[in-house]
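Everything below concerns the one structure shown next.
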Amino acid sequence: MKNIPKKCIKAVRILMREGPSVLMKKVASQLKPQMDYMEWRKAGLPSREELLRQSGEQFERQVKFSILVPLYNTPLSFLEEMVQSVLDQSYSDWQLCLADGSDSEHGEVGDWCRALVQRENRVRYQKLEKNGGISENTNACILMASGTYLALFDHDDLLAPDALYEVYQAIENRQAEIVYTDEDKVNEEGTLYSEPHFKSDFNLDLLRSNNYICHFFVVKREIVERVGGFRSEYNGSQDYDFIFRCVEQTKQIVHIPKVLYHWRMHRNSTAANQQSKMYCYTAGQRAIASHLERCGVKGEVAMQEHLGFYRVTYPVQGEPLISILIPNKDERETLKTCIDSILEKSTYRNFEIIVIENNSVQAETFAFYRELEQRDKGNRIRVVEWKGKFNFSEINNYGVSFAEGEYLLFLNNDMEVISEDWMERMLSNCQREEVGIVGAKLYYPDKTIQHGGVILGLGGIAGHAFSRQLGMEPGYFARAVCQQNLSAVTAACMMVSKQDFEKVGGLDQELAVAFNDVDFCLKVRHLLGKLVVYDPGVELFHYESKSRGAEDTPQKQRRFHREIVRFAEKWEEDLKGDPYYNPNLTLIAGDFSLKRPEERFRKDLEYVQMIRGMLEKEGDKV
């Protein structure tokens, strides 16, 4: 009921900006039944027997965890519950470091902690002479700590009983130097859990957009000694600044896709009321800028409309030529809309357009080609002819042979540019040393999302994130509006350097229609070790597959099935789990909703095996 005024204001904004039809779609989407998280959570909790097994397990190598908790006027009930969640850990080699900056009128905090130290020798407590703020108080905890790994823990939050055990496994089995986990929120009474944040594996661009790592964060002591603890000038986002400085020191960063941390919501917490601590967000902006400076990266950091989320704009270096490659078969008006939008809206001007003609039959199409040549005064538009049958990979590889640009921008003919600086945004990211491919946010004509990045395994092989969600909506933890790294993006609008394109051998011509762009992204990621960036600031309309039509014949469907099998054979390991998409989320829809019970029992690549069996039954040898 408390959220009703906020939702009414949001509804009015949607009505004013988007109109009644969009508002009704949004209301309908909110009324869809959602899986109850409390029930989902209960089904996944470790049993009492499992926790007893963990607590009795013998380890060849012990790892001692120092859990750092700065106290400040902590409500006694929250303090007791927080400490109890540590005492309940199934992994026992830990140390709880409590640095107390509470005001004198909150003496019960110190009294309770001193009594705790008397009965539990793994707890260390220090009453600070003065409250130095969150950063200085946490640094006091660090000075008390003797563990080989340090863990950040807020004074009013809770740990799952198997949290340290799971972190230990990540350290022992994966040589992790930094570990972080999924988290959710818990109410004041500790009875209601909600808003689970199922996170990506380490995601540099997402971290530069938002402190998605947050809780539970565990780091090797040696790294902390190198980076020098917390800095009070970043109070409010001191953990964000600290996390940046830590991750800059190692690549051994492991994400545990389990909710092992419960963030307490109460009237004074940022978890419950974001606007209660606006200074946190300005400090976060400065933390990103400081990180970029240490990395020797130029970039401007701006806050997004959604609090706690940021946009880094990287400068374009020089003015390199961009070759825009557009395959086309007939569809004169569609192609005209596409090219007109490029020429009229783009603020970046050093580009060429190569239209790859593919067996058009309509006279008006060829008349439009002649019109383009007459209208093009700068010799920036060329039409080259591909005479073979339709093969998206072959057509684009052929087009690249004519490209003179340093960067290639693959574009479908059924696109229309929205954001004027789309090429600058793509180019500035593509010029980054660690980036190989940049993709865009694409919309259907009704302003719902057509492409918000590609998720491996979605729908069986790969699918688009946030498809059919309203374009203005931020999506799951604002991931629809945050620049981030993904496994793949669509080649309907995709930029790559010509050098990188050639290094990986271009598009796989055995994948004539389906998954060739996803395959290409995986080649760039694995062979070159480079990132794929999804930039939601690059916006275009996509009228989708007008030239080819639907997969509506037995021949097309058979070809599609063969390509599924080929892709799966090449990328079997990748299809077992997308590192940028949490395994607790559904692969039935791209809406980042909870994985449904029926999905938990599916075997790896079960869909592919079904397709393989169907083809073999029809006489195909695959």
Looking at V247, V254 in this structure, which one is out of contact with any Ser or Thr (no Cβ under 8 Å at 6 or more places or on another chain), within 30 Å of G190 (Cβ to Cβ), surrounded by 19 or more Cβ atoms within 10 Å (Cβ to Cβ) and of a type in the set (A, V, I, L, M, F, W, C)? V254
If I ask for residues that are among the hydrophobic types (A, V, I, L, M, F, W, C), open to solvent by 40 Å² or more (accessible area, probe 1.4 Å) and assigned to a helix (DSSP H, G or I), which ones from segment 581-614 would you list? F601, M610, M614
Looking at E569, E573, E544, E539, which one is in contact (Cβ under 8 Å) with a residue 24 or more places away in the chain, at negative phi and out of contact with any Cys (no Cβ under 7 Å at 6 or more places or on another chain)? E539
Please go through segment 366-406 and give me each residue that is of a type outside the set (V, I, T) and open to solvent by less than 20 Å² (accessible area, probe 1.4 Å), ordered by number. F368, Y369, L372, N391, S393, N396, G399, A403, G405
Under the condition of being of a type in the set (S, T, N, Q) and without any contact (Cβ under 8 Å) to a residue 40 or more places away in the chain, which residue from segment 61-110 is surrounded by the fewest Cβ atoms within 10 Å (Cβ to Cβ)? S104
Would you mind telling me which numbered condition in (1) within 29 Å of Y314 (Cβ to Cβ); (2) β-branched (V, I, T); (3) open to solvent by 60 Å² or more (accessible area, probe 1.4 Å) V361 fails? (1)
Residue pairs, Cβ under 9 Å, 6 or more apart or interchain, first in segment 198-212 and over 18 Å from V301 (Cα atoms) and open to solvent by less than 30 Å² (accessible area, probe 1.4 Å), second assigned to a helix (DSSP H, G or I) and of a type outside the set (A, V, I, L, M). List them. F198/Y476; F198/F477; K199/F477
Residues D578, D519: which one is at negative phi, in a helix (DSSP H, G or I) and open to solvent by less than 20 Å² (accessible area, probe 1.4 Å)? D519
Give the residue that is farthest from D201 (Cα to Cα), with candidates limited to residues of segment 167-183 that are surrounded by fewer than 23 Cβ atoms within 10 Å (Cβ to Cβ) and among the hydrophobic types (A, V, I, L, M, F, W, C). I171
Within segment 104-152, residues being more than 22 Å from F65 (Cα to Cα) and β-branched (V, I, T) number 1
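Out of segment 233-274, which residues are in a helix (DSSP H, G or I) and modelled with pLDDT of 95 or more?
E233, Y234, Q238, D239, Y240, D241, F242, I243, F244, R245, C246, V247
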Here the qualifying pairs (Cβ atoms under 8 Å; residues six or more apart or on different chains; first in segment 317-332 and assigned to a loop (DSSP other than H, G, I, E, B); second open to solvent by 20 Å² or more (accessible area, probe 1.4 Å) and among the acidic types (D, E)) come out as P320/E406; L321/E404; L321/E406
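The values are calculated or read from the model by the stated rules, or taken from the named source; none is laboratory data. Remember, it's a predicted structure, so these values are computed and weren't measured experimentally. Methodologically, a virtual Cβ is constructed for each residue, glycine included, from the backbone with ideal geometry; neighbour enumeration extends over all protein chains shown. Surface areas here come from the heavy atoms of the whole protein model, side chains and all, with no ligands, DNA or RNA. Shrake-Rupley method; radii C 1.70, N 1.55, O 1.52, S 1.80 Å.
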